[in-house]
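Presented below is the structure to which this report refers.
Derivation of every value follows stated rules applied to the coordinates shown; laboratory data play no part. Keep in mind the model is a prediction, meaning the values are calculated, not measured. Here Cβ is always computed from backbone atoms with ideal geometry, including for glycine, and neighbour counts include all displayed protein chains.
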Amino acid sequence: MNSGRDSKRAPDAASPETSYDDAADLLRALAHPVRLRIVDLLEGGELCVKRLEQLLGVSQSSVSQHLSRLRYAGLIESERRGHLVCYRLAGSGAGEVLRAVASAMAAKERPVRGGHGAGAERDRADDESVRASDG
């Protein structure tokens, strides 16, 4: 009798646990300002390490460490051309996450007026305190 999950079988790709694990891995790989900037720069096209070093203003060893982390996560690909190593995005996933984060940050900066929830309640309380002080 099988107790529900066959230990030799890989987790179902559609299972919520797998999706959350994959999402967490992606977010961990991007969770550094330099790596986010690298993804942003590579959205514009392929760049070599020396150019990334110049654009980022960090040491070659630091750039290489960040590129290694992104490559290990499968977010970027590299190609050697003589003594140069150039990088490009492996797909659209990292760029999509970067755009979603930028969108969420922009929405966070916009005041919520006439909506529901804590932000709207705070806005209404601020409006009422301004009206009360105007007397």
message: Looking at region 57-94 only, could you name the residues that are free of Cβ contacts under 8 Å to residues at least 24 places away in the same chain and touching a Ser or Thr at 6+ places or on another chain (Cβ under 8 Å)?
response: R71
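For region 57-89, give me each residue that is aliphatic (A, V, I, L, M) and under 13 Å from L26 (Cα atoms).
Residues of region 57-89 aliphatic (A, V, I, L, M): 58, 63, 67, 70, 73, 75-76, 84-85, 89.
If the condition is that a residue be aliphatic (A, V, I, L, M) and under 13 Å from L26 (Cα atoms), then L70, A73, L75, I76 are the ones that fit.
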field: Failed condition for L36, given (1) touching a residue at least 24 places away in the same chain (Cβ under 8 Å); (2) surrounded by fewer than 16 Cβ atoms within 10 Å (Cβ to Cβ); (3) within 14 Å of the chain's Cα centre (by Cα)
entry: (2)
- prompt: Scanning region 40-58 for residues that are of a type in the set (A, V, I, L, M, F, W, C) and not in a helix (DSSP H, G or I), which turns out nearest to R88 (Cα to Cα)?
  reply: L47
- line: Out of (1) closer than 21 Å to G93 by Cβ; (2) in a helix (DSSP H, G or I), the one G74 does not meet is (2)
